[in-house]
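What follows is calculated from the coordinates using simple rules that are stated; it is not laboratory data. Just so we're clear, the structure is a prediction, and the values are computed from it rather than from any experiment. Here the Cβ positions follow ideal geometry from the backbone for every residue, glycine too, while neighbour counts run over all protein chains shown.
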């Protein structure tokens with residue numbers, strides 16, 4: 001009888017151990033499955049952004065710059081102001097105060113941004129002092145405020161617009177789009193959410209004045225047609241140092 005009891009207890013214990021092992025295996029499978037699912041979601045999320053951007057940009061492949069966004073009529077009159085600060089370089093991060101929102105000329109950092117990057121976001125925009133240096137070298141900058149930054153459809157248009165300037169082998173591609181941040185200075189004029197800026201030397205043709213001016217044009221919306229007209233009127237050659245193309249100092 002005692003032997004039978006011991007045998008029964010061993011059987012019960014073995015059954016309990018087997019059940020525990022099975023439960024542990026199920027738990028381990030569940031943990032592995034959850035980890036795999038999380039990994040898939042992470043990889044999918046990482047891939048989603050670039051794939052979405054590529055898909056969104058595809059719609060602009062066969063569009064001309066002038067067909068992106070609103071018509072040129074959303075842009076106001078061109079404004080000019082005598083420019084100062086040519087070759088006035090300071091080392092980053094020396095504070096620089098700019099009176100205009102956004103600046104189109106002035107003292108600037110000795111380092112500037114190369115041709116490769118065309119569009120910056122609120123998370124990665126370089127300091128104003130670098131971008132002002134870019135304008136000294138002939139870049140046109142499209143500035144956009146938080147109204148554009150918070151509008152997904154507008155940002156899609158902006159990415160499409162910037163894609164028309166891809167490349168580094170042609171100085172006509174001296175273009176950048178950058179956000180105007182709340183800490184940068186005063187807001188754009190009422191109702192205006194985009195600004196084109198250029199540092200001009202007074203033109204390049206027979207009517208050139210030889211007098212440096214900052215050039216602004218504000219727009220209520222993104223306008224590829226407005227930008228195209230602005231850059232035709234103020235090409236990269238109409239700048240203090242148009243022949244410099246690579247990022248660096250000078």
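Compute the distance in nm between two label points, each set 7 Å from the Cα along the Cα-to-Cβ direction, one at residue 25 and one at residue 151.
A separation of 6.1 nm, rounded to one decimal place.
Quickly work out the residue 241-to-residue 10 label distance, labels modelled 7 Å from Cα along the C-beta direction, and quote it in nm with one decimal.
Calculated label separation equals 9.1 nm.
Mind grabbing the base-10 log of I(q)/I(0) for region 135-183 at q = 0.14, 0.28 Å⁻¹? Debye formula, identical points on the C-alpha positions, no solvent, two decimal places.
-0.40, -1.07
If we count other beta carbons within 10 Å of each Cβ, what is the order of 176, 164, fewest first?
On the way: 176 22, 164 19.
Lowest to highest Cβ neighbour count: 164, 176.
With a 10 Å radius around each residue's Cβ, average the other Cβ atoms per peptide and rank 206-215, 220-229, 96-105, highest first.
On the way: 206-215: 13.7, 220-229: 21.9, 96-105: 19.0.
Listed from highest to lowest mean packing, they are 220-229, 96-105, 206-215.
Just from its helices, what would the mean residue ellipticity at 222 nm be for the chain, if runs of 4 or more DSSP H residues each count -39500 (n - 2.57) and the sum is divided by every residue, rounded to the nearest 500 deg cm²/dmol? Spell out each step's value before the answer.
Values: 5 runs with 92 residues, N = 250.
One gets -12500 deg cm²/dmol as the mean residue ellipticity at 222 nm.
Taking other Cβ within 10 Å of each residue's Cβ, how do 155, 30 sort, fewest first? Can you show the working numbers first?
Values: 155 17, 30 10.
Ranked by crowding around the Cβ, least crowded first: 30, 155.
Over the C-alpha atoms of region 168-250, what are the Rg and the largest Cα-to-Cα span, Dmax, in Å?
In order Rg, Dmax, the Cα atoms of region 168-250 give 14.2, 41 Å.
Given the C-alpha atoms of the chain, compute the convex hull and give its volume per residue in Å³.
Numbers: hull volume 51.0 nm³, N = 250.
Hull volume normalised by residue count: 204 Å³.
Over the Cα atoms of region 83-187, what is the Rg over Rh ratio if Rh follows Kirkwood?
Working: Rg = 13.6 Å, Rh = 14.2 Å.
Rg/Rh for region 83-187 comes to 0.96.
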